[in-house]
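Inspection log for the structure reproduced underneath, given as structure tokens.
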Amino acid sequence: MIETVIDNAGNLKQVAIKIYEGKRLTFEDGVSLYKSDNLSLLASLALFRKNRISGKKVFFNRNFHIEPTNICVFGCKFCSYRRKKDDRDAWDFDIPEMLNICERYVGQSITEVHIVGGVHPRRDLHFYGELVQKIKTVLPDVHIKGFTAVELDYMIRNAGYDIAQGLKILKDYGLDSIPGGGAEIFDETVRRKICGDKAPSQLWLRIHEAAHNAGLPSNASMLYGHIETYEHRIDHLERLRRLQDKTGGFNAFIPLKYKNANNSMSNIGEINAAEVLKNFAVCRLYLDNIPHIKSYWPMLGKNTAQLALSFGADDVDGTIDDSTKIYSMAGSEETSPSMTVSEMIKLVSSAGFTPVERDSLYNEIKIY
Ligand code: V47
Ligand code: SF4
């Protein structure tokens, strides 16, 4: 069957042969995949590669988010979430308020708490470390995946440590891994235009490298579908692939489609579903050393998230329980994102895949 796909691959035949032979794609190969409109070919190639990595399995977990604050010292132009301290809809939870959120999940088989928020001017790593430590007194068995490299950079500097010291302190407080946010687009010219004041690309990569070296695995992401070109996307994937060759510390990659409501780049339209699906396929094919590609349904919507499984994604994140506002504030159709385990199972199985509940490190908990 893949032989027929290769025979019909037209000008992508040499790239298709490389994929079939398990060879690494070059920068030019990646760009030529992006330039193709042959979606069924891209789907077949990405599925072929996904099958070699995770077979028919598609993973999900039981999780909820804590967003400590939406007050942020930075001004990313794509952000619909950030507020100033005195804005009517700003929030800034203290530790007891966040522990109250956790109390609601006692006894519910939650395996992961995901913590991401704005970069608050006065919070440092000891505040967040104490939060992590206290969450584990309420939910002792959860894995805490928390704080983007951008938040880490600020909170560690604010407390007067270097990156390696800061990460070790957070790990000692109980932090287990780091989410993929804050990567946006690594190309320096584009980054300057859309989020010029926050951690530069080299620093994002250095923080993830230091995390991997400290025994903290992480995810990576790419914010795409705004002013970047295909070449910028491949450059981004290339920098991640290189770091992964060095450390092996990335578990999953999350392509984050730019949503354009209520922010300073709203004049830019959103890309269509074909572009979203194509991007999943190219990411799966180019990132040959990152095991999992996440189709993040609170941002994509359930329907597109499900379709992405046929374009190489093998993870649909978690149950969420209406605990994140980042994407609804940016215009996602999922205005109160929440899924039960049986809904997650149905979403995966009705697309022809095998649902697998996982923990945060992709150990399998139950195959459905
Ligand atoms: O870095 C902000 C993105 C990220 C918009 O590791 C936007 O499992 C689209 O870290 N349109 C934070 N995206 C989210 C994040 C995350 C999400 C899901 C899973 C994981 C994981 C991590 O949200 C930011 C930014 O790239 N974002 N605004 C927007 N308008
Ligand atoms: Fe702040 Fe994050 Fe929004 Fe940027 S994306 S303004 S760092 S909350």
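The values are calculated or read from the model by the stated rules, or taken from the named source; none is laboratory data. What you see is a predicted model, and the numbers here were worked out from it, not measured in a lab. Cβ coordinates were reconstructed from backbone atoms using ideal geometry, including for glycine residues, and neighbour counts include every protein chain displayed. Just so you know, the surface numbers come from the protein's heavy atoms only, side chains and all, with ligands and any DNA or RNA stripped out. Shrake-Rupley method; radii C 1.70, N 1.55, O 1.52, S 1.80 Å.
Of K168/K259; K23/K145; K77/K278; K85/K259; K13/K77; K18/K257, which ones are farther than 30 Å apart at the Cα?
Beyond 30 Å between Cα atoms: K168/K259; K23/K145; K13/K77.
Using the crude model of +1 on Lys and Arg Cβ and -1 on Asp and Glu Cβ, and no other charge, please compute the dipole size for the chain relative to its Cα centre, in debye to 20.
Roughly 400 debye, rounded to the nearest 20.
So if we plug the beta-carbon distance of K56 and I17 into 1/(1 + (r/R0)^6) with R0 = 25 Å, what FRET efficiency do we get, rounded to 0.05?
E(calc), rounded to 0.05, equals 0.55.
When only the heavy atoms of the protein chains count and the probe is 1.4 Å, how do K257, K246 rank by accessible area, highest first?
In descending accessible area the options line up as K246, K257.
Using the heavy atoms of the protein chains alone and a 1.4 angstrom probe, what is the accessible area of the chain per residue in square angstrom?
40 Å²
Run the 1.4 Å probe and let me know the accessible area of D92, rounded to the nearest 10 Å².
Roughly 60 Å² of D92 is accessible to a 1.4 Å probe.
Would you mind telling me the antiparallel percentage of the DSSP bridges in the chain, rounded to 5?
15 percent
Could you put K23, K84 in order of accessible surface area, largest first, with the 1.4 Å probe and the full protein assembly present?
Ranked from most to least accessible, the order is K84, K23.
What's the extension gain from R192 to E103 if we count 0.36 nm per residue and subtract their Cα-Cα distance?
28.0 nm
Need one value: the accessible area of Y20 in square angstrom, 1.4 angstrom probe, rounded to the nearest 10.
Per-residue accessible area (Y20): approximately 80 Å².
What ranking of K278, K35 comes out by heavy-atom accessible area, probe 1.4 Å, highest first?
From most accessible down to least: K35, K278.
Tell me the carbon and sulfur percent of the accessible area for the chain, rounded to whole percent, probe radius 1.4 Å.
Accessible surface attributable to carbon and sulfur in the chain totals 49 percent.
So, in nm, how far is label D89 from label I365 when the simple model puts each one 7 Å beyond its Cα toward the Cβ?
3.2 nm
I'd like the accessible area for D162: 1.4 Å probe, protein heavy atoms, all chains in place, Å² to the nearest 10.
We get 80 Å² for D162.
Excluding L39 itself, what net charge comes from residues whose Cβ is under 14 Å from its Cβ, given Lys and Arg +1 and Asp and Glu -1?
+1
All other residues with a Cβ under 12 Å from the Cβ of N213 taken together, and with Lys, Arg as +1 and Asp, Glu as -1, what is their net charge?
+3
Antiparallel as a % of all DSSP beta bridges within segment 50-209, to the nearest 5?
Here the share of antiparallel DSSP bridges comes out near 10 percent.
What does the charge count around G129 come to, taking other residues whose C-beta lies under 12 Å from its C-beta (Lys +1, Arg +1, Asp -1, Glu -1)?
Charge balance near G129 sits at +2.
Using the Kirkwood radius over C-alpha pairs as Rh, can you work out the diffusion coefficient of segment 123-246 via Stokes-Einstein at 37 °C, viscosity 0.692 mPa s, in µm² per second?
Approximately 218 µm²/s, per Stokes-Einstein.
Find the cysteines in the chain that fail to meet the 4.7 Å Cβ criterion with every other cysteine, and list them.
C72, C102, C283
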